[in-house]
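I have placed the structure first, in the form of structure tokens, so that the comments after it can refer back to it.
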Amino acid sequence: MMFVNDPILTVLLCTLAYLLGSVLFALPVSRLWRLPDPRAQGSGNPGASNVYRTGGWAPALLTLALDAAKGWLPVWLAVTFGLPVLSQAMVALCAVTGHMIPLFLRFQGGKGVATALGAGLALAPATTALLAIIWGLTLWRWRISALASIVASVSGPLISALIEPDTLTLFGLLAILIVVRHRNNLIRLAQGRETRL
């Protein structure tokens, strides 16, 4: 496909990605299931892990799917419209940033892992699939969601450099963002106080 270098389209998709990212589906899913606010659980993160703690696998998987979809859709549009890889990466970062710093929740958001998963599947499916496997194996071994997310995110730049090098910058930036958002989890991990699933 020929690349369409259209800055207006890039800005529109970045705006769409941020606004979609700002919708944190853990909250409406919890209301639908009549569950407690997920922000009152675990690390206080409005994401699938805390929804799992309050309601089990069904609402957690729905939250994960919806948070991933809002990352996937705008990036898929950027790919479909033939925007350059750099523009696609910008759209992906805007979606993840929207989840972390959401307009609709006074800029108090989540960790962005599920949204990064969806954006990555649209832009770099091979790298993202391997990172999902790393996440799953780490979670299976230690039962700590934050640890799985950190291990997978810091593995991103290395794996992308090996198999999808055009996306190395994106996965490098995502790793930085996700690790910074997990800084309190890192402290609890070091102290042995991080909660398990």
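The values are calculated or read from the model by the stated rules, or taken from the named source; none is laboratory data. Keep in mind that this is a model prediction, so the values were computed, not measured. Backbone-built Cβ (ideal geometry, glycine too); neighbour counts: all protein chains shown.
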Next item on the list: Take the residues in segment 156-165 that are more than 21 Å from Thr97 (Cβ to Cβ) and either modelled with pLDDT under 95 or in contact with a helix residue (DSSP H, G or I) (Cβ under 8 Å, 6 or more places away or on another chain) (or both), then tell me which one is surrounded by the fewest Cβ atoms within 10 Å (Cβ to Cβ).
Entry: Ile163
Check: Looking at this structure, is Ser87 of a type in the set (S, T, N, Q), within 13 Å of the chain's Cα centre (by Cα) and assigned to a helix (DSSP H, G or I)?
Finding: no
Checklist line | Filter result for Arg193 (more than 19 Å from the chain's Cα centre (by Cα), modelled with pLDDT under 95 and not in a helix (DSSP H, G or I)) | finding: yes
Check: Of all the residues that make up segment 95-121, how many are under 13 Å from Ala17 (Cβ atoms) and surrounded by 24 or more Cβ atoms within 10 Å (Cβ to Cβ)?
Finding: 9
Notebook entry, point to check: When you scan segment 108-131, how many residues do you find that are within 21 Å of Ala146 (Cβ to Cβ), free of Cβ contacts under 8 Å to residues at least 60 places away in the same chain and not in a helix (DSSP H, G or I)?
Noted result: 1
Notebook entry, point to check: Restricting the search to segment 21-70, which residues are buried (at least 20 other Cβ atoms within 10 Å of the Cβ), part of a helix (DSSP H, G or I) and touching a residue at least 60 places away in the same chain (Cβ under 8 Å)?
Noted result: Gly21, Ala26, Ala48, Ser49, Tyr52
Item checked: Some residue of segment 143-151 being under 17 Å from Gly21 (Cβ atoms), over 11 Å from the mean Cα position of the chain (by Cα) and buried (at least 24 other Cβ atoms within 10 Å of the Cβ) -> no
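Residue-wise test of (1) assigned to a helix (DSSP H, G or I); (2) free of Cβ contacts under 8 Å to residues at least 12 places away in the same chain; (3) of a type outside the set (A, V, I, L, M).
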{"site": "Gly156", "(1), (2), (3)": "yes, no, yes"}
{"site": "Leu162", "(1), (2), (3)": "yes, yes, no"}
{"site": "Thr169", "(1), (2), (3)": "yes, no, yes"}
{"site": "Gly172", "(1), (2), (3)": "yes, no, yes"}
{"site": "Leu186", "(1), (2), (3)": "yes, no, no"}
Check: Going by the structure shown, is Gly82 assigned to a loop (DSSP other than H, G, I, E, B), over 20 Å from Pro102 (Cβ atoms) and of a type in the set (Gly, Ala, Ser)?
Finding: yes
